Amino acid sequence: MHTQEITLDRVFDTQRHEAGRFTPRRTGFSFESAGTTRYGVTAPGWPELTEGHRLTVMLGQAGNWQTLVGWVNRSTGETVQPDWVRTATSVVVFLHMTVLGGLLAGEVASAIGRVAAGLWMVVSLVSAALLGRQGWRQYHQSDALERIRRSLPTPHGPPATPMQGQRQLSARQTWIGLAIGVLLPWVLIWWIAMAAAS
């Protein structure tokens with residue numbers, strides 16, 4: 001990760017995009033800073049983009065604005081960061097699909113059905129693992145941006161505010177929710193199996 005400080009001298013071509021089925025809410029924009037113009041930059045969420053604001057920006061690769069992770073607005077205290085909670089929720093969904101594939105594989109009588117259910121289970125598990133890796137990286141990126149925000153002196157004007165539309169959950173609340181989401185189906189399956197056996 002690479003961090004740098006910029007001032008938004010000019011902002012143009014701003015486009016706000018609502019969240020889709022597979023894509024989070026995002027903002028596309030172009031800007032000019034210190035005589036350099038950057039086109040087609042995409043930021044998570046719908047952050048405030050005001051000329052004259054100073055940003056501490058985090059990039060995946062130095063100088064490559066297509067790898068923008070997020071920023072801390074030094075003028076307002078706003079933090080723009082990846083929505084790792086959305087990614088973690090997708091992991092839970094794919095883990096449930098993996099369980100369903102395993103249950104189907106045990107119940108289907110035909111060989112083709114078992115192969116299809118097994119394939120479903122493998123694809124779901126691989127998807128959960130890949131999304132889990134992405135969510136873990138996003139979590140650490142968000143944590144790094146939050147540490148940057150906390151290290152800054154309190155800006156003049158309004159106090160630090162969360163990004164518009166951004167979920168504001170503590171890490172503890174999020175992990176408890178994910179643990180319940182993963183464990184609850186297993187508890188229900190065990191309870192149904194015990195009820196059927198008796």
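The values are calculated or read from the model by the stated rules, or taken from the named source; none is laboratory data. No experiment lies behind these values; they were computed from the predicted model shown. Every residue, glycine among them, receives a Cβ derived from its backbone with ideal geometry; neighbour counts consider all protein chains shown.
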**Report entry** Selected residue [touching a helix residue (DSSP H, G or I) at 6+ places or on another chain (Cβ under 8 Å), closer than 24 Å to SER33 by Cα, assigned by TED's automatic domain parsing to the domain that holds ILE6 and not in a helix (DSSP H, G or I)] from TRP71, TRP65
**Finding:** TRP71
Query raised in the report: When you look at VAL85, is it at pLDDT below 85, crowded, with 19+ Cβ neighbours inside 10 Å and farther than 16 Å from ALA43 by Cα, yes or no?
Result: yes
Query raised in the report: Out of the residues in region 67-76 that are touching a residue at least 12 places away in the same chain (Cβ under 8 Å) and surrounded by fewer than 24 Cβ atoms within 10 Å (Cβ to Cβ), which is farthest from GLY135 (Cα to Cα)?
Result: SER75
Requested in this report: Could you check region 1-49 for strands (runs of 3 or more DSSP E) lying wholly inside it with 1 or more residues that are aromatic (Phe, Trp, Tyr), at pLDDT 90 or above and surrounded by 16 or more Cβ atoms within 10 Å (Cβ to Cβ)?
Outcome: 26-33
Report task. Kindly indicate whether any position in region 111-133 is crowded, with 18+ Cβ neighbours inside 10 Å, outside the structural domain of ARG25 (by TED's automatic domain parsing) and either at pLDDT below 85 or of a type in the set (Phe, Trp, Tyr) (or both). Result -> yes
Requested in this report: Using the structure shown, decide if THR79 is free of Cβ contacts under 8 Å to residues at least 60 places away in the same chain and closer than 25 Å to THR3 by Cβ.
Outcome: no
